[in-house]
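Student: For reference, the structure I am asking about is given below.
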Amino acid sequence: MAEKKKNRNRSVDPAVLEVLAETEGKYSSDTAYDRFLNMQPQCSYGDTGICCTICIQGPCRITKKASKGICGAHPYTIVARNLVRHALGGCAAHADHGLHASLLAREVSEGHAPDYTITDTKKLYALADMFDIPREGRDNRDILKDIVAIALEDFNRLDGQDSKWLPKVILPERIEKFKECDILPSSIHGTIADAMAQTHAGMDADPVNLVFKALKVALADYIGEHIATSLSDVLFGTPKPVVSEANMGVLDPDYVNIAVHGHNPILSEMIVKAARDMKGEAEKLGAKGIKCMGICCTGNEILMRQGVPILTNFSSQELAIMTGAVDAMVVDIQCIMPGIQAVSECFHTRVITTMPSVKIPGAYHVDFDDARAMEKAREVIEIALGAYKERSKEKINIPNVKNKVVAGFSLEALLDVFAAVNPDNPVQVLTDALLSGELRGVCLLAGCNNLKRVHDENHLVIAQELAKNNVLLVATGCAAQAYAKAGLLNADAVDKYAGDGLKAFMNRLNEANKDRLNEKLPLVFHMGSCVDNSRAYDLMTAMAKELQVDTPKVPYAASAPEAMSEKAIAIGSWAVALGMPVHVGVVPPLPGSPLVDGIALQIAHDVYGGYFIWETDPFESAKKILAALDERNWKLRVHRQAAEKYETTLSKTW
Ligand code: BF8
Ligand code: SF4
C-alpha cells in the first residue's frame, strides 16, 4: 500500500502533486493517476502490438504456442495492420478538425456565420499567392472561397489526381520521393477509406505494403493539419508574441473560472469573446469577472492568439476540477477524458460538451452551431454563472503555482524575430548559427502526456538537456504546456538552462528586437497546438531551402517525450516520411514484430532520411537526439566542403 501511495504521485508538476495530496481519500471519484495503478500490469501482447482484434474470431494473441492468428496472420501483419489503424485514428481526428475549419471558412466566404470574419488578410493573401489565385480587385471573401475550394477538394477528391495542397507546402524532392513509393495522397477522406479497406480481415498481409500505407495515411494527416492551421490563421489571426501565465495558480477565486478544453478554436475563440462581453453578469453575482483558461490544444490556440492562460495539460485535466475553483469545463473535440464527469460530480463544476461527436453521460450538452456561435457561447457562459452560485468555498484549494509565459511564435512571428537581425533573409540567421557551430540543431518538442511516464518529467529533462547543449527548441501541444507550467517559456529560463552558444544566439535576437518586442525571448518557442506541428515543419522546409538541401540533411529533430494519442502516431509517422529523426519517449506497439520495428528504426532512414528512436530514459533520450543532430551537422559540413572543393553541386545523399 505504501508503494501504491508513492507511485500515485506520478508527476513533477508541483501543482499536480499538491492537488493529489490535498484530495487523497476525500472524494469518491478517482483520477487517471489512480486508474493507471489499477491497470497494472498492462497486457504485454497489446503493449508490443501482437494482439489482433480486427475480426471477431479474435482476439488473437501471438504466443509460443500460437505463432499466427487464427486466419494465419503473421505477427508482422498484425503489428503493421495495427499501426495503420492507429495512424488512421489520428488522421481522421485531424481531418475532422481541418474539415470543420474549411466548412466554417466557406460559410464566412458566403456571408453566413455572422459571428466569424476574415481576421488576417495577410495570411489570406499569402495562401492565395501560394495557390496562384488571382486577388487584384477581388473581394477578400471571393479569394477565401477559392482557397477553401482547394482545401475541400483535397478532402474529397475521387478522380485519383494528386493532392493540390501538399505539393505547395513541402519540397519538390519530397513529392518525388512520395510518388516513387506511391504514398502521395490524392485526398484525405479517400486515403482514410482505402486504408480502412486495406486493413480489413483477409486483406493486405504484406507488412511493407502496410507500412507504406501507414505513411500515406500520415501524409493525409499532415494535409489536414496544414489546412486547419492555415484557415484558423485566416479566421482568427496568425499568432504574434504574447505574454501570459500557466499552471493552476491562474485560477482566481474572485472570478467565474471557465476551463476551455479540447482542440477547436472555432468554439474556444467564441467562448473567450462571450466571456469578455458578459463580465457585467458575473459582477452582478459578486464575481470580479469571468476568467477563461485553457487545457490541451484549444488552450494553446487561445493562448497563442488571445493571451488566455494555460490551466494544465492532458494528464492533469481532472485535477483542475479538483481545485474546486473551476465553475465550468467546456469541451469540444479530442483528448477529453471521460473521467472529468465523475470528478465534476464531486464538486459544483459543470462539464459542458458542445460537439455532436463528443458527448459524455451526465454532462451538460450545448449543441454548438457555427451559424449561431455567439448565442451558443453565451448559453455556455450562463451555465457557468449558474454553477458559480453553487461554489462551496470549503472545497477550494488552488495551488499557488504559476509561471510567466511568452508564447505566440507562429512561423511568421519567428521569422519576424529573425528579420530584426537579417531583414533580407530572416531564416539565414538560424542556418548561419548552425553552420558556425553556435547552435547544434533545432528540436521540435511535441506531443502528449502518457502516464506510462512520470507526468511532464521526460518533457522537462529532455528540454533542459538539449538547451544546455545549444539546441534551439520549438514546442507544440501538451509538451509546450509542460514548459509553460514549469517556467521554460520565458527569458529567465534562458539564463538558467541555455548553453553558451544558445545564450549568445538568444542575446543577439533580443538585442536586435529590443525596440520591437516588449518581452525578452523565451527558452522554448511555443509554436501552438498539435495541428501547428505543420508550422514547425514549415520551419524545417524553410531551412532546407536556405541550405539548398532536402530535409533529411537539416539538423532538425523531433521528440514526443510522452506520446499517447493516435494523432501522435500519425504526426510521428509524417515527420519521419518528411525527413526528421523522431524520438519517442514511450515505446509504441511495434516491437512484437522485429521486422516492422526495424523498418521504423532503420529502413525508414534509407528510404526517407527520417527514422524513429525509441528511448524512455530522458537523459539517454537527449543524448540520442544530440547524436542525430551531430550526424546531420557533420554530413552537411562534409558535403558542403566537398562541393566547394570540387566545384560540384551538393551531394543529394543523406
Ligand atoms: O493534439 S498533445 S494529449 S492535447 S494529442 Fe492531446 Fe496529445 Fe495533448 Fe492536443 Ni496533441
Ligand atoms: Fe485473428 Fe486474423 Fe481475426 Fe486478426 S484478423 S483477429 S489475426 S483471425
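Student: Below 8 Å between Cα atoms, with a sequence gap of 6+, how large is the relative contact order for segment 43-173 in percent?
Tutor: Computed value for segment 43-173: 15 percent relative contact order.
Student: Still on this structure, please answer the following. If packing is taken as the average number of other Cβ atoms within 10 Å across a peptide's residues, how do 99-108, 270-279 rank, most packed first?
Tutor: Ranked from most to least packed, the peptides come out as 99-108, 270-279.
Student: Classify segment 75-236 as rounded, prolate or oblate from the Cα gyration tensor: take a ≥ b ≥ c as the square roots of its eigenvalues, call it rounded if a/c is under 1.5, otherwise prolate when a/b beats b/c and oblate if not.
Tutor: prolate
Student: When you have a sec, figure out the Kirkwood radius of segment 347-466 from all distinct Cα pair distances and drop it here in Å to one decimal?
Tutor: Answer for segment 347-466: a Kirkwood hydrodynamic radius of 20.0 Å.
Student: Using packing as a proxy for protection, rank 436-448, 184-196 so that the peptide with the highest average count of other Cβ atoms within 10 Å comes first.
Tutor: 436-448, 184-196
Student: Still on this structure, please answer the following. From the mean inverse distance of alpha carbon pairs (Kirkwood) and the Cα radius of gyration, derive Rg over Rh for the chain.
Tutor: 0.95
Student: Modelling each spin label as a point 7 Å along the Cα-to-Cβ direction, I'd like the residue 180/residue 374 distance in nm, to one decimal.
Tutor: 5.5 nm
Student: While we're here: Roughly how many Å is it from the Cα centre of segment 621-649 to that of segment 510-551, as a whole number?
Tutor: 21 Å
Student: Right, next: What percentage of all Cα-Cα pairs in segment 476-577 are separated by more than 20 Å?
Tutor: 51 percent
Student: Hey, if you drop one equal point scatterer on each alpha-carbon of segment 13-143 and run the Debye formula without solvent, what base-10 log of I(q)/I(0) do you get at q = 0.09, 0.11, 0.17 Å⁻¹?
Tutor: -0.66, -0.80, -0.93
Student: Could you pull the Cα extents of segment 576-652 along its three principal axes, largest to smallest, in whole Å?
Tutor: 48, 27, 17
Student: Now, a different point. What Kirkwood hydrodynamic radius, in Å, does segment 160-281 give when the mean of 1/r is taken over all pairs of distinct Cα atoms and then inverted?
Tutor: About 18.3 Å, per the Kirkwood formula over Cα pairs.
Student: Can you give the Rg to Rh ratio for segment 210-295, taking only C-alpha atoms and Rh from Kirkwood?
Tutor: Using Cα coordinates only, the ratio equals 1.15.
Student: Where the centroid of each part is defined by its Cα atoms, how far is segment 348-367 from segment 30-60 in Å?
Tutor: 27 Å
Student: Still on this structure, I have one more. Let me check against my output: what whole-number percent is the relative contact order of segment 403-645, with C-alpha pairs under 8 Å and at least 6 apart?
Tutor: Once divided by the residue count of segment 403-645, the mean separation gives 24 percent.
Student: If you don't mind, another one. How large is the helix-only mean residue ellipticity at 222 nm for the chain, computed as the sum of -39500 (n - 2.57) over DSSP H runs with n ≥ 4, divided by its residue count, in deg cm²/dmol to the nearest 500?
Tutor: -15500 deg cm²/dmol
Student: Something else: What shape does segment 325-375 have by the C-alpha gyration tensor, where a ≥ b ≥ c are the square roots of the eigenvalues, rounded means a/c under 1.5, and otherwise prolate means a/b greater than b/c and oblate the rest?
Tutor: prolate
Student: Calculated FRET efficiency, residue 26 and residue 285, Cβ-Cβ r, R0 25 Å, to nearest 0.05?
Tutor: The calculated FRET efficiency here is 0.40.
Student: Using 0.36 nm per residue, how much length does the chain from residue 623 to residue 500 gain when fully extended, once their Cα-Cα distance is taken away?
Tutor: 42.5 nm is the gain from fully extending residue 623 to residue 500.
Student: Let me ask something additional. With all protein chains present, calculate the accessible area of residue 240 using a 1.4 Å probe and round the result to the nearest 10 Å².
Tutor: My reading of the accessible area for residue 240 is about 140 Å².
Student: Mind ordering 128-137, 174-183, 40-49 by average Cβ neighbours within 10 Å, highest first?
Tutor: Output ranking for 128-137, 174-183, 40-49: 174-183, 40-49, 128-137.
Student: Then there is this: Place a point 7 Å from Cα of residue 492 in the direction of its Cβ. Which residues in segment 507-527 have their backbone N less than 17 Å from it?
Tutor: Only 519-524 pass the distance filter.
Student: Can you tell me, using C-alpha contacts under 8 Å and at least 6 residues apart, the relative contact order of the chain as a whole percent?
Tutor: Taking the mean separation of contacting Cα pairs over the length of the chain, I get 16 percent.
Student: Related question: Ignoring ligands and nucleic acids, what accessible area does residue 496 show with a 1.4 Å probe (Å², nearest 10)?
Tutor: Estimated to the nearest 10 Å², residue 496 gives 150 Å².
Student: Separate question: Using all alpha carbons of segment 248-395, what is the percent of pairwise distances in each 10 Å bin, ordered from the shortest bin to the longest?
Tutor: 13, 49, 35, 3, 0
Student: Pairs 168/216; 123/168; 496/520; 468/623; 216/652: which are spaced more than 21 Å apart, C-alpha to C-alpha?
Tutor: 216/652
Student: Would you please state the base-10 log of I(q)/I(0) at q = 0.17, 0.22 1/Å for segment 466-507, with intensities from the Debye formula using one equal scatterer on every alpha carbon?
Tutor: At q = 0.17, 0.22 Å⁻¹ the computed log10 ratios are -0.43, -0.69.
Student: Round to the nearest 10 and report in Å² the accessible area of residue 94, as given by a 1.4 Å probe over the protein chains' heavy atoms.
Tutor: Here the residue's solvent-accessible area equals roughly 0 Å².
Student: I would also like to ask the following. So if I average 1/r over every pair of distinct C-alpha atoms in segment 497-654 and take the inverse, what Kirkwood radius in Å does that give?
Tutor: 17.4 Å
Student: Report D for segment 2-61 in µm² per second (integer): Stokes-Einstein, Kirkwood Rh on Cα pairs, 4 °C, 1.567 mPa s.
Tutor: My calculation gives 92 µm²/s for D.
Student: Rule-of-thumb check for segment 613-654: C-alpha Rg over 2.2 N^0.38 Å?
Tutor: Compared with the compact-globule rule of thumb, segment 613-654 sits at 1.59.
Student: If we count every other residue with Cβ under 13 angstrom of residue 511's Cβ, Lys/Arg +1 and Asp/Glu -1, where does the sum land?
Tutor: +4
The values are calculated or read from the model by the stated rules, or taken from the named source; none is laboratory data. Everything numeric here is computed off the predicted structure, so don't read it as measured data. As a convention, Cβ positions derive from the backbone with ideal geometry for all residues, glycine included, and neighbour counts pool all protein chains shown. For the accessible areas, the whole protein counts, side chains as well, though only heavy atoms, and no ligand, DNA or RNA atoms are used. Shrake-Rupley method; radii C 1.70, N 1.55, O 1.52, S 1.80 Å.
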